[in-house]
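Participant: Please find one structure pasted underneath; my questions will follow.
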Amino acid sequence: MLYKLKEEQRYGRNKDTVVNYAYINSGEYRRKFDRISDNEKLNKLLYRLAKTMLKHRSGTLYEDMYWIDAETATVVAKETACRVEKEVTYSGSTLSKIENKHGLVTIHTHPSGSPPSHADFLSNYVHRYSLGIVCGHNKKVYVYTANEAFSGERYNSVLGKILNRYKDEEIVISLFFEELQKRFHVMVKEVK
């Protein structure tokens with residue numbers, strides 16, 4: 001007797017990270033990117049890359065990332081073949097392309113739709129990126145910057161205290177962003 005596998009198992013898909021294609025092709029989603037910068041060409045590129053990454057990684061726990069020169073609105077480097085779940089690994093090629101380039105804008109995916117991680121803030125600070133953007137498979141878009149390095153323990157401590165007091169995800173994220181910005185030299189917000 002043949003057992004019929006669930007579609008997500010058959011194709012190696014994770015149903016919780018499948019992207020809503022109608023939404024990411026919508027005007028509502030595109031307008032989020034119109035609010036990211038004053039550079040229309042950059043905003044259009046960011047929107048196009050977000051759709052490309054989300055479609056590529058739909059139904060998986062893998063992430064894609066692009067590095068963009070904000071002035072020229074051109075792609076400097078990309079990582080689209082990462083094979084470690086929920087992580088972007090910088091190849092030697094990417095490192096050589098971004099080395100000594102300050103002010104780059106980064107955009108990457110988070111399959112869980114979570115806000116920027118501690119590693120995202122640290123990378124933003126270390127590489128002196130001018131802006132980081134996270135596109136969640138759940139329709140969320142976050143922007144962030146970091147002007148200091150701080151420990152993962154401190155990041156997790158802030159989050160843990162809020163999670164102990166609140167259960168509503170929207171409230172937790174809002175309060176978490178407020179606390180991060182009070183305690184550290186960072187900017188983080190959801191683009192709505």
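The values are calculated or read from the model by the stated rules, or taken from the named source; none is laboratory data. Small disclaimer: the values here were computed from a predicted structure and weren't measured. Cβ coordinates were reconstructed from backbone atoms using ideal geometry, including for glycine residues, and neighbour counts include every protein chain displayed. Calculation scope for accessible area: heavy atoms of the full protein, side chains included, ligands and nucleic acids excluded. Shrake-Rupley method; radii C 1.70, N 1.55, O 1.52, S 1.80 Å.
Participant: Kindly report, to the nearest 10 Å², the accessible surface of HIS185 as traced by a 1.4 Å probe over protein heavy atoms only.
Facilitator: Accessible area of HIS185: about 130 Å².
Participant: Beyond 18 Å, what share of the Cα-Cα pairs of the stretch 134-192 remains, rounded to the nearest whole percent? Can you show the working numbers first?
Facilitator: Details: 620 of 1711 pairs.
Tail of the P(r) past 18 Å holds 36 percent of the pairs.
Participant: Can I ask one more? Working with all protein chains in place, sort ASP64, ASP69 by solvent-accessible area computed with a 1.4 Å probe, largest first. Kindly include the intermediate steps, with their values, before the conclusion.
Facilitator: Values: ASP64 0, ASP69 45 Å².
Output order, biggest surface exposure first: ASP69, ASP64.
Participant: In square angstrom, rounded to the nearest 10, how much accessible surface does LEU61 have for a 1.4 Å probe?
Facilitator: LEU61 exposes around 40 Å² with every protein chain in place.
Participant: With every protein chain present, what is the per residue accessible area of the chain (1.4 Å probe, Å²)? It would help to have the intermediate numbers written out before the result.
Facilitator: Values: 10850 Å² over 192 residues.
For the chain, the per-residue accessible area is 57 Å².
Participant: Oh, and also: Using only the Cα atoms of the stretch 104-166, build the gyration tensor, take square roots of its eigenvalues as a ≥ b ≥ c, and label the shape rounded, prolate or oblate: rounded if a/c is under 1.5, else prolate if a/b is larger than b/c, else oblate.
Facilitator: On the way: a/c = 2.65, a/b = 1.16, b/c = 2.28.
The shape class here is oblate.
Participant: To the nearest whole percent, what portion of all C-alpha pairs in the stretch 94-139 is separated by more than 13 angstrom?
Facilitator: 57 percent
Participant: Further question on the same structure: Please list ILE24, ILE36 in order of solvent-accessible area, largest first, computed with a 1.4 Å probe with all protein chains present.
Facilitator: Details: ILE24 5, ILE36 30 Å².
So, going from the largest accessible area down, we get ILE36, ILE24.
Participant: Looking only at the stretch 98-192, where both bridge partners belong to it, what percent of the DSSP beta bridges are antiparallel (to the nearest 5)?
Facilitator: Numbers: 9 of 15 bridges.
Bridges in the stretch 98-192 that DSSP calls antiparallel: roughly 60 percent.
Participant: Next up: How much of the DSSP bridge set in the chain is antiparallel, in percent, rounded to the nearest 5? Mind showing how you got there, number by number?
Facilitator: Working: 18 of 24 bridges.
Of the beta bridges lying entirely in the chain, close to 75 percent run antiparallel.
Participant: So which residue, out of VAL134, VAL105, VAL18, gets the largest mean-square fluctuation from a GNM of the chain using Cα contacts under 10 Å as springs?
Facilitator: VAL18
Participant: Carbon and sulfur: what percent of the chain's accessible surface (1.4 Å probe)?
Facilitator: Working: 5390 of 10850 Å².
Roughly 50 percent of what the probe reaches on the chain is carbon or sulfur.
Participant: How high is the FRET efficiency between GLU85 and ASN156 when r is their beta carbon distance and R₀ equals 25 Å, given to the nearest 0.05? Walk me through the intermediate numbers first.
Facilitator: Details: r = 20 Å, r/R0 = 0.79.
Given R0 = 25 Å and the Cβ-Cβ separation, E is 0.80.
Participant: Here's something else I'd like to know. With labels modelled as points extended 7 Å from the Cα through the Cβ direction, what inter-label distance (nm, one decimal) is found for ARG35 paired with GLU190?
Facilitator: Taking the simple label geometry, ARG35 and GLU190 are separated by 1.1 nm.
Participant: Need one value: the accessible area of GLU85 in square angstrom, 1.4 angstrom probe, rounded to the nearest 10.
Facilitator: About 100 Å², ignoring ligands and nucleic acids.
Participant: Give the ranking of ARG165, ARG57, ARG154 by solvent-accessible surface, highest area first, calculated with a 1.4 Å probe. Display every interim value, and only then the final one.
Facilitator: Working: ARG165 170, ARG57 10, ARG154 120 Å².
Sorted by accessible area, descending: ARG165, ARG154, ARG57.
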